[in-house]
Amino acid sequence: MNSENATFWEHLEDLRWVFVRCVTAAVVVAVVVFCMKDLLFSVVLGPARGDFVTYRLIGVEMSDLTLVNTVITEQFMVHLRTAFFASIVLVSPYLVYEVFRFISPALYAAERRSVIFLGGGAYLMFMIGLLVNYFIIFPVSLRFLASYQVDSMVGNMLTLQSYTDTFLSMSFLVGLVFELPVVSVLLSYLGLVDAALMGRFRRHAIVAVFIVAAIITPTTDAFTLMIVALPILLLYELSILLVKVNVKK
């Protein structure tokens, strides 16, 4: 009962049902994804295969990586975590819709439009970040790490848990980094930043970008670092442009 005359306890009851619906949706989607194991891991393990689309496009011949399992419960737990992560990504538009429906009665028309714009932009940029990580950042990092040796007498034996933990954590972090334009626009709405300020601190931002890129990527080579840093630098320039456009409105 989202009405202006609703009491505090009625709003609290509405919020409880929002939470119940969101959790139910996430659980249902997670169960469905869990049951689609072959499809799920054909996607997740794609970069580990030699015929992955990124390697074919750049004309590099790769062999399939061999992953091992060292703990009896590892494969099942990896399956659970991966299905849960995928369910959150898939159901997130519905979660955003539920939250927006709950808060929208308290917003003016202009505020609703701003929330829709920022919410839709945040989801879009997060998804773009996931795709950039899946097709560019993670495959490059994976191949570097899989072939890296401190000495010829030390071989690599990659575990399934190590692979999926790295894949999921990098996907989440890169997705968050791609929220930079949305956060910048939000801060400009609040009057905390403007295009001129961001332009003056461009050199500081470049240093910060390389630090963030070094944190995101578990590699130490300059090539991989540049692959990660370049999209973030472009995002910073896009943020300046969007903030400038927002000020003119």
So how many Å³ per residue does the convex hull of the Cα atoms of region 142-193 work out to?
-> 96 Å³
Would you mind computing the Rg to Rh ratio of the chain from its alpha-carbon coordinates, Kirkwood style for Rh?
-> 1.03
Roughly to the nearest percent, how much of the accessible area of region 110-232 is carbon and sulfur, given a 1.4 Å probe?
-> 74 percent
Region 149-229 - Debye-derived log10 I(q)/I(0), Cα point model, q = 0.24 Å⁻¹ | -1.22
Enter the angle in degrees (range 0 to 90, nearest 10) between the Cα long axis of helix 109-132 and the first principal axis of the Cα atoms of the chain, meaning the one along which they spread out most.
-> 0 degrees
Per DSSP, loop chymotrypsin sites (Phe, Trp or Tyr not before Pro) in region 8-110 with at most 16 further Cβ within 10 Å | 108
Region 1-144 - convex hull of the alpha-carbon atoms, volume per residue in Å³ = 139 Å³
Candidates 125, 170, 198; GNM for the chain (alpha-carbon contacts under 10 Å) flags as most fluctuating 198
Helix-only CD estimate at 222 nm, as mean residue ellipticity for the chain, using -39500 (n - 2.57) per DSSP H run (n ≥ 4) = -24000 deg cm²/dmol
Rounded to the nearest 10 Å², the accessible area of residue 79 using a 1.4 Å probe with every protein chain kept is 20 Å²
With the dipole of the chain defined by +1 on each Lys or Arg Cβ and -1 on each Asp or Glu Cβ, the option from 76, 170, 39 whose Cα lies farthest towards the positive pole is 170
In region 159-199, which residues have a backbone nitrogen under 17 Å from the label point lying 7 Å from residue 215's Cα in the Cα-to-Cβ direction?
-> 169-181, 183-184
Residues of region 1-123: accessible area per residue with a 1.4 Å probe, Å² = 67 Å²
Using label points projected 7 Å from each Cα along Cα→Cβ, tell me how many nm separate residue 114 and residue 222, to one decimal.
-> 4.5 nm
Springs between alpha-carbon atoms under 10 Å, Gaussian network over the chain: tell me which of 114, 63, 42 tops the mean-square fluctuations.
-> 63
Roughly how many Å² is the accessible area per residue of region 125-249, as a whole number, for a 1.4 Å probe?
-> 55 Å²
Assign unit charges at the C-beta atoms only (+1 for Lys and Arg, -1 for Asp and Glu), then state the dipole size of the chain relative to its Cα centre in Debye, rounded to the nearest 20.
-> 680 debye
May I ask for the longest run of the chain untouched by GluC sites (Glu not before Pro) that are loop-located per DSSP and have at most 15 neighbouring C-beta atoms (other than their own) within 10 Å?
-> 62-249
Two-site FRET efficiency, residue 34 against residue 203, from Cβ-Cβ distance with R₀ of 41 Å, rounded to 0.05 | 0.30
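The values are calculated or read from the model by the stated rules, or taken from the named source; none is laboratory data. None of these values were measured; they are calculated from a predicted model. Please note: Cβ atoms are built from the backbone with ideal geometry, for glycine as well, and neighbour counts cover all protein chains shown. Only protein heavy atoms, including side chains, enter the accessible area calculation; ligands, DNA and RNA are left aside. Shrake-Rupley method; radii C 1.70, N 1.55, O 1.52, S 1.80 Å.
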